[in-house]
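The values are calculated or read from the model by the stated rules, or taken from the named source; none is laboratory data. What you see is a predicted model; the values in this text were computed from it and never measured. When we count neighbours, we look across all protein chains shown, and the Cβ atoms used for this are built from the backbone with ideal geometry, even at glycine.
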Amino acid sequence: MVEIRKLKDNDKPQVRTLELFCIREYLEGSLQKNWDDLPPDLMEQLGASTKDSFDFYREGGMSYVALEKGQIVAFLFSQIIRHVNNIEKVLWVENMGVHPDHRRKGVGLKLLRRAASDAKKKGAKAVQSVVMPDAKDAVMLHKKVGFFMDGRKFAFLDLENFK
Ligand SMILES: CC(C)(COP(=O)(O)OP(=O)(O)OC[C@H]1O[C@@H](n2cnc3c(N)ncnc32)[C@H](O)[C@@H]1OP(=O)(O)O)[C@@H](O)C(=O)NCCC(=O)NCCS
């Protein structure tokens, strides 16, 4: 039986390990990159479970873990943002992942539906989720929940050296 609960401070090490595992799987599987070639400082910055990001998401109260027999088997990081695409209050799903031994058992579906349901109770009008188009499992999960996917992409600009 899977239990879904909000993220807690002492989940950090387990969630960090699981998120890095999922990122590694994507980099090696879809992008064919060698994990061991990544600079360690870049590795430290990957994902939503980095030190500062984890605390931010935990404090926001919209991030979750799934547990089976007391062990964390999945995570979801999300936050409510004020105004996007003319919609007031949108749940932004930053990342989620399920341990490979626990996939295709409905855990991802349960997590995403719980986040959406809690967001709705807080007045959110929509959910936006970061999905890599080549991640078939994630695309299929979002379709099953009812997400509309039109292939839109978001562009990113690093402002550190921007003048
Ligand atoms: C994507 C992911 C979170 C799905 O979690 P999950 O717990 O395995 O998903 P569920 O068992 O709840 O699946 C729900 C539905 O999604 C679809 N789905 C999930 N995985 C699928 C797959 N590999 N192939 C086809 N459909 C899939 C199916 O419709 C499934 O329903 P069904 O089993 O009744 O057919 C998981 O595969 C994962 O962690 N992947 C790696 C990390 C990742 O891609 N994260 C997503 C970032 S947005």
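The figures follow:
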{"quantity": "Flag if Pro39 is surrounded by fewer than 13 Cβ atoms within 10 Å (Cβ to Cβ) and at pLDDT 95 or above", "calculated": "no"}
{"quantity": "Close pairs (8 angstrom Cβ cut-off, 6 or more residues apart or separate chains): over 11 Å from Arg16 (Cα atoms) in the stretch 27-50, surrounded by fewer than 12 Cβ atoms within 10 Å (Cβ to Cβ) anywhere", "calculated": "Glu28/Asn34; Ser30/Met132; Ser30/Asp134"}
{"quantity": "The one condition in (1) more than 8 Å from the ligand (Cβ to nearest atom); (2) surrounded by 14 or more Cβ atoms within 10 Å (Cβ to Cβ); (3) touching a residue at least 24 places away in the same chain (Cβ under 8 Å) that Asp134 fails to fulfil", "calculated": "(2)"}
{"quantity": "Strands (runs of 3 or more DSSP E) (entirely within the stretch 21-137) containing at least 1 residues that are over 22 Å from Asn10 (Cα atoms)", "calculated": "71-84, 87-98, 126-129"}
{"quantity": "Test: residue in the stretch 120-131 that is of a type in the set (A, V, I, L, M), surrounded by 12 or more Cβ atoms within 10 Å (Cβ to Cβ) and over 14 Å from the mean Cα position of the chain (by Cα)", "calculated": "yes"}
{"quantity": "Number of the condition not met by Gly47 [criteria: (1) at pLDDT 95 or above; (2) within 13 Å of the ligand (Cβ to nearest atom); (3) loosely packed, with under 15 Cβ neighbours inside 10 Å]", "calculated": "(3)"}
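Results for (1) within 12 Å of the chain's Cα centre (by Cα); (2) of a type in the set (Lys, Arg), shown as yes or no for each residue.
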| position | (1), (2) |
| --- | --- |
| Leu27 | no, no |
| Met43 | no, no |
| Phe54 | yes, no |
| Gly60 | no, no |
| Val65 | yes, no |
| Arg82 | no, yes |
| Val93 | yes, no |
